[in-house]
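Here the structure is laid out as structure tokens; the discussion comes afterwards.
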Amino acid sequence: MKTKNILYMMMAMGITFAPACKKALDLDQKGVYNTSNYFRNEADAVNAITGIYSLLEGEDYISHAETTFDIASDDYWRSGDHSEDEAIENLTYDASNAQVRYSWRWKYETVNRSTNCIINIPKITAISEAVKNRSMGEAYFMRAFGYWRLMVIYGDVPIITDEDYTNQNFNKAKSTIEEVRQQIEDDLLKAVDLLPESYGAADRGRVSKGTALGLLTKLYMYWEKFPEAIAAGQQVVNNSNYALAANYADNFTRANESSKEILFAVQAVQNVIQNDYTIYYIPRPWGGYGFSQPLQGLADEFEANDPRKAATLLSVGDQMDLGDGNGLTTFTADLSSTGFSFKKYAVFNTEADGGGPDHTYAVPLMRSADIYLLVAEALIRTQGLGAGDALINQVRRRASTSLPPVVGAGMTELIHERRVELAGEGERHQDLMRWDKDNIVDIAAIYNRAVSKAPIDRNKTVTFIRPKHYYYPIPQEEIDKSKGVLIQNPNF
């Protein structure tokens, strides 16, 4: 996505800024834009869609807020100095928790901007059919993504229909999780029909048909529609446009924007639009905030000859070039309370580029490897042991040919593979909860114990209560604003 488009969209959506000096008030007004007069031509459509993508840069949306929802898992210690994060990690949060509150707003902003495009782009006549279809597909996908995150985090949530949007009827009661899933499915199926399979360099980073199929696969897995998940996922697995990167680490480098494996990512432009996602993982002395530090238990999960460990984790003694002109810098014990940091997010500019954290790095939100393993899981759960071996082994062989192939793999092997392949990518806590609901794992037993004895004696225990902790509470301020229309989730 192009930065100029983001800036244009900010103006088009009516975002205002305080004047820097009195002289700014003397400027001639060039126009006033609103929904009724904005959507005029192809450029307006493209810029409006880019305005939906721009939400992903928000610190309180995908960046820190979203990663926080995974810190209860046995992979992390929260670190940082946010009391709201501590409550989410320890599962002691309530409906007033700041992270619970932040998350709601931005997801519905995604829904609203997407719906605005869905209603108005079809009215544009000065637009090519290809761009119109692509733009509509992007809008349907982004709306589905907003509802997907709402559903996964909160469960039952309000659905804002096109008619509701037109009539400005936003104070809606919650729909059931089944209805929300159907809404997501409907939007994704439309996106699959409208989106192209791939893009040229000028449009790299836009969602594709494979992105929509990937999220559809994830939806069906959470819905336990395993045949449908296999059918959708195999369209990703069997399409060379979404092939696994040659090397696992290629997905976590400055050049990863060209990786076919990355189906969806947060992108930014250095010194223009900052990607706050990575900065939370980078140690403070290296220019980051040092949150979400990996635990020893995650490090121990990797097999001895699995190179994904070195690509995923920074361990004491590892060295990195921070681009500060000082050559290699050693990762020392004082940089992390657990002895580890996430290397896959520690990407730095070169010295020639000024050094420091690299905000052009595209942070993967969904990779093909995730979909390979979801299809493998669906095959195991419908056809039995060994049915997912081929797909699991493709992921393992990509990591290293020295990793022994799985034979007759069941859920134990699948769970291991998802943990090491997707470490730090926001999947662990949700994976464990959906498996717990089907009695595949005992999440309370996994969490209700010390999962780590880190170098400085950082123990972590989390008490998981069923069914309370399967979903987070509806933000109390949203319930208050609704004047009784929104009802709080059970057990809160």
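The values are calculated or read from the model by the stated rules, or taken from the named source; none is laboratory data. Given the structure is predicted, the values throughout are model-derived calculations rather than measurements. Counting neighbours? That spans all protein chains shown, and the Cβs are built from the backbone with ideal geometry, glycine included.
Using beta carbons and a limit of 6 Å, which pairs, at least six apart or on different chains, have the first residue in segment 43-54 and in contact (Cβ under 8 Å) with a residue 60 or more places away in the chain and the second one in a helix (DSSP H, G or I) and β-branched (V, I, T)?
A45/I121; S54/I6
Anything in segment 114-126 that is in contact with a Phe, Trp or Tyr (Cβ under 7 Å, 6 or more places away or on another chain) and not in a helix (DSSP H, G or I)? List them, or say none.
I124
Among (1) buried (at least 23 other Cβ atoms within 10 Å of the Cβ); (2) under 21 Å from E261 (Cα atoms), which single condition is R397 missing?
Of the numbered conditions (1) buried (at least 23 other Cβ atoms within 10 Å of the Cβ); (2) under 21 Å from E261 (Cα atoms), the odd one out for R397 is (1).
Could you please find all residues in segment 214-254 being small (G, A, S) and assigned to a helix (DSSP H, G or I)?
G214, A229, A231, A232, G233, S240, A249 - these are the residues of segment 214-254 that are small (G, A, S) and assigned to a helix (DSSP H, G or I).
With respect to the numbered conditions (1) out of contact with any strand residue (DSSP E or B) (no Cβ under 9 Å at 6 or more places or on another chain); (2) over 30 Å from N169 (Cβ atoms); (3) of a type in the set (A, V, I, L, M), which one is the sole condition not fulfilled by V111?
All conditions are met except number (2).
Let's see how each residue does on (1) more than 23 Å from K218 (Cβ to Cβ); (2) surrounded by fewer than 22 Cβ atoms within 10 Å (Cβ to Cβ):
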| position | (1), (2) |
| --- | --- |
| S103 | no, no |
| T110 | no, no |
| M142 | no, no |
| G155 | no, yes |
| I159 | no, yes |
| D164 | yes, yes |
| F170 | yes, yes |
| K174 | no, yes |
| Q182 | no, yes |
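Search segment 69-113 for residues being among the polar types (S, T, N, Q) and assigned to a loop (DSSP other than H, G, I, E, B), and hand back the single one that is nearest to A423 (Cα to Cα).
Once the filter is applied, the top-ranked residue is S73.
Quick one: which residue in N90, N112 is more than 20 Å from the chain's Cα centre (by Cα) and more than 16 Å from Y280 (Cα to Cα)?
N90
Exactly one of (1) without any contact (Cβ under 8 Å) to a residue 12 or more places away in the chain; (2) under 29 Å from A87 (Cβ atoms); (3) touching a Leu at 6+ places or on another chain (Cβ under 9 Å) is unmet by K225. Its number?
(2)
When segment 463-492 is examined, which residues are found to be among the polar types (S, T, N, Q), closer than 15 Å to A173 by Cα and assigned to a loop (DSSP other than H, G, I, E, B)?
Matches in segment 463-492: Q488, N489.
With the condition being under 29 Å from S240 (Cβ atoms), I'd like the helices (runs of 4 or more DSSP H) fully within segment 382-448 carrying at least 3 qualifying residues.
The qualifying helices (runs of 4 or more DSSP H) are 389-399, 411-421.
May I ask you to list the residues in segment 152-188 that are assigned to a helix (DSSP H, G or I) and more than 24 Å from K225 (Cβ to Cβ)? Break it down into steps so the answer makes sense when it comes.
The initial filter retains those residues of segment 152-188 that are assigned to a helix (DSSP H, G or I), namely 152-154, 162-166, 177-188.
Selection gives D162, E163, D164, Y165, T166.
State whether one or more residues within segment 139-158 are modelled with pLDDT of 95 or more, over 21 Å from the mean Cα position of the chain (by Cα) and within 17 Å of L215 (Cβ to Cβ).
Scanning segment 139-158 turns up no residue that is modelled with pLDDT of 95 or more, over 21 Å from the mean Cα position of the chain (by Cα) and within 17 Å of L215 (Cβ to Cβ).
If you take the residues of segment 288-329 that are under 21 Å from E66 (Cβ atoms) and assigned to a loop (DSSP other than H, G, I, E, B), which of them is nearest to the chain's Cα centre (by Cα)?
By that ranking, first place goes to S292.
Would you be able to tell me the number of residues in segment 344-368 that are in the same structural domain as G323 (by TED's automatic domain parsing), farther than 18 Å from Y281 by Cβ and touching a helix residue (DSSP H, G or I) at 6+ places or on another chain (Cβ under 9 Å)?
0
Being in contact (Cβ under 8 Å) with a residue 40 or more places away in the chain and among the hydroxyl-bearing types (S, T, Y), is that true of even one residue in segment 363-381?
Yes - at least one qualifying residue is present in segment 363-381.
Can you pull out the residues in segment 113-123 that are touching a residue at least 60 places away in the same chain (Cβ under 8 Å), crowded, with 17+ Cβ neighbours inside 10 Å and of a type outside the set (S, T, N, Q)?
Answer for segment 113-123, where residues must be touching a residue at least 60 places away in the same chain (Cβ under 8 Å), crowded, with 17+ Cβ neighbours inside 10 Å and of a type outside the set (S, T, N, Q): R113, C117, I121.
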